[in-house]
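Since every read-out is calculated from the coordinates, none of them should be taken as a lab result. No experiment lies behind these values; they were computed from the predicted model shown. Cβ coordinates were reconstructed from backbone atoms using ideal geometry, including for glycine residues, and neighbour counts include every protein chain displayed.
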């Protein structure tokens with residue numbers, strides 16, 4: 001069974017990659033673009049017999065995939 | 001007998017030999033490399049976590065190294081009051097292990113910065129007495145893509161109150177301003193310490209500022225002297 005974890009910088013933390021992409025798109029004439037946020041996607045494939053898989057993925061996201069000082073994460077079952 | 005210093009080595013460490021060279025040539029101190037798979041530390045009186053790209057910096061800078069076997073031993077060493085000095089990637093590893101507060105994320109300008117910058121110790125911090133009276137700022141190289149120090153407001157205030165902001169980026173005259181800040185760090189923070197001052201983390205490279213023959217300054221020696229004083 002697969003879970004998707006998306007990690008991105010907290011809203012108040014400047015995302016330089018997102019800003020650079022946004023500014024480039026705007027410069028190229030795509031003026032409708034208001035903002036771009038870059039995130040990282042992890043897909044975790046667990047054994048089907050895993051006990052409480054959501055809790056396991058949450059702990060992986062909290063302890064490894066994201067740094068809680070600067071980042072937030074969302075989890076979705078695929 | 002003089003202290004022996006342990007220098008951690010991860011796959012991707014690349015400043016380990018520079019640190020050993022600084023210790024031996026300038027302070028006649030023996031060092032011992034400690035491979036990342038070591039469960040116990042040898043008999044050392046201080047630990048250096050050198051710069052580099054531990055485990056390729058995959059996941060985040062320092063994140064995988066923070067969970068390595070040897071870092072568990074370093075946690076125990078630090079808990080006993082052993083001094084730990086993390087430089088660049090070593091600083092990132094120390095924040096990822098939570099031995100130091102905050103986080104180091106991508107430079108605000110989006111690019112890797114490799115250049116000489118200026119820093120000075122904060123007056124109420126543990127390094128506050130290290131600045132010679134005739135100097136306004138130290139010159140030292142940085143080489144990092146992820147050196148922007150961030151922490152929540154509450155944590156930042158605590159750092160200020162507790163004197164844990166060790167070093168701040170400055171201009172050439174020692175003024176803490178935006179011009180001297182190479183990576184967008186909050187409060188121009190270039191280095192912090194633990195509450196008791198025994199753990200020091202900094203992004204600039206003091207081991208690369210030890211010989212005028214390299215074309216730069218010798219200001220890094222101030223930091224090494226401080227660390228070695230703690231290591232006894």
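For segment B:135-232, what does the alpha-carbon gyration tensor say about shape, rounded, prolate or oblate, given a ≥ b ≥ c as the root eigenvalues, a/c under 1.5 as rounded, and a/b over b/c as prolate? Don't skip to the end; give the middle numbers.
Working: a/c = 1.93, a/b = 1.23, b/c = 1.57.
Verdict is oblate for segment B:135-232.
Can you report the principal axis dimensions of chain A using only the alpha carbons, biggest first, rounded to whole angstrom?
So the three principal-axis extents are 51, 25, 13 Å.
What is the protein assembly as shown by shape, rounded, prolate or oblate, if you read a ≥ b ≥ c off the alpha carbon gyration tensor as root eigenvalues and call it rounded for a/c under 1.5, prolate for a/b larger than b/c, and oblate otherwise? Don't jump to the answer; show the numbers that get you there.
Values: a/c = 2.02, a/b = 1.30, b/c = 1.55.
Oblate, because a/c is 1.5 or more while a/b does not exceed b/c.
Out of every Cα pair in segment B:82-123, what percent are spaced more than 13 Å from each other? Each step should come with its number before you reach the end.
Numbers: 587 of 861 pairs.
Distances greater than 13 Å cover 68 percent of the Cα pairs.
Please give the Cα centre distance for segment B:48-127 versus segment B:133-149, rounded to the nearest Å.
15
With springs only between Cα atoms under 10 Å, which of A:17, A:61, A:32 fluctuates most in a Gaussian network model of chain A?
A:32
Could you work out, residue by residue across B:105-112, how many beta carbons of other chains sit within 10 Å of that residue's beta carbon, and then give the average as an integer?
Numbers: counts 9, 8, 1, 5, 2, 8, 2, 0.
Whole-number average of other-chain Cβ neighbours for B:105-112 is 4.
Sort segment B:1-128 into rounded, prolate or oblate with this rule: let a ≥ b ≥ c be the square roots of the eigenvalues of the Cα gyration tensor; rounded if a/c is under 1.5, and if a/c is not under 1.5, prolate when a/b is larger than b/c, oblate otherwise. Walk me through the intermediate numbers first.
On the way: a/c = 1.45, a/b = 1.20, b/c = 1.21.
Cα axes put segment B:1-128 in the rounded bin.
Mean separation of Cα pairs under 8 Å and 6+ residues apart, divided by the residue count of chain B: what relative contact order is that in percent?
Details: 537 pairs, mean separation 44.3, N = 232.
Once normalised by length, the contact order is 19 percent.
Using a 10 angstrom cutoff on alpha carbons, build the Gaussian network for chain B and name the most mobile of B:90, B:125, B:147.
B:125
Along the Cα-to-Cβ line of residue B:123, 7 Å from the Cα, sits a label point; which residues in segment B:176-191 have backbone N less than 16 Å from it?
B:176-177
Please state, as a whole number in µm²/s, the translational diffusion coefficient that the Stokes-Einstein equation yields for chain B at 4 °C and 1.567 mPa s, with Rh defined as the Kirkwood radius across alpha carbon pairs.
On the way: Rh = 17.2 Å.
Once the numbers are plugged in, D ends up at 75 µm²/s.
On a C-alpha basis, how far is the centre of segment B:162-220 from the centre of segment A:1-46 in Å? Whole number, if you could?
31
Only Cα pairs under 8 Å and at least 6 apart count here; give the relative contact order of segment B:31-83 as a rounded whole percent. Provide the component values of the computation, followed by the final result.
Values: 40 pairs, mean separation 25.0, N = 53.
Relative contact order, segment B:31-83: 47 percent.
Contact order normalised by length for chain A, with contacts defined as Cα pairs under 8 Å and 6 or more residues apart; what percent is it?
Numbers: 97 pairs, mean separation 41.1, N = 78.
Averaging sequence separation for qualifying contacts and normalising by length gives 53 percent for chain A.
Using alpha carbon coordinates only, what is the Rg to Rh ratio of segment B:170-223, with Rh defined as the Kirkwood radius? Working shown, then result.
Numbers: Rg = 12.8 Å, Rh = 12.7 Å.
Rg/Rh: 1.01.
With axes computed from alpha carbons, what is the tilt in degrees of helix A:16-27 against the longest principal axis of chain A, rounded to the nearest 10 within 0 to 90?
Helix A:16-27 sits roughly 40 degrees off the main axis of chain A.
Quick one: among B:142, B:105, B:93, which has the greatest mean-square fluctuation in a GNM of chain B with alpha-carbon springs under 10 angstrom?
With Cα springs under 10 Å in chain B, the top fluctuation among B:142, B:105, B:93 is at B:105.
Add -39500 (n - 2.57) for each DSSP H run of 4 or more in the protein assembly as shown, then divide by its residues: what number comes out at 222 nm, to the nearest 500 deg cm²/dmol? Provide the component values of the computation, followed by the final result.
Values: 8 runs with 77 residues, N = 310.
About -7000 deg cm²/dmol.
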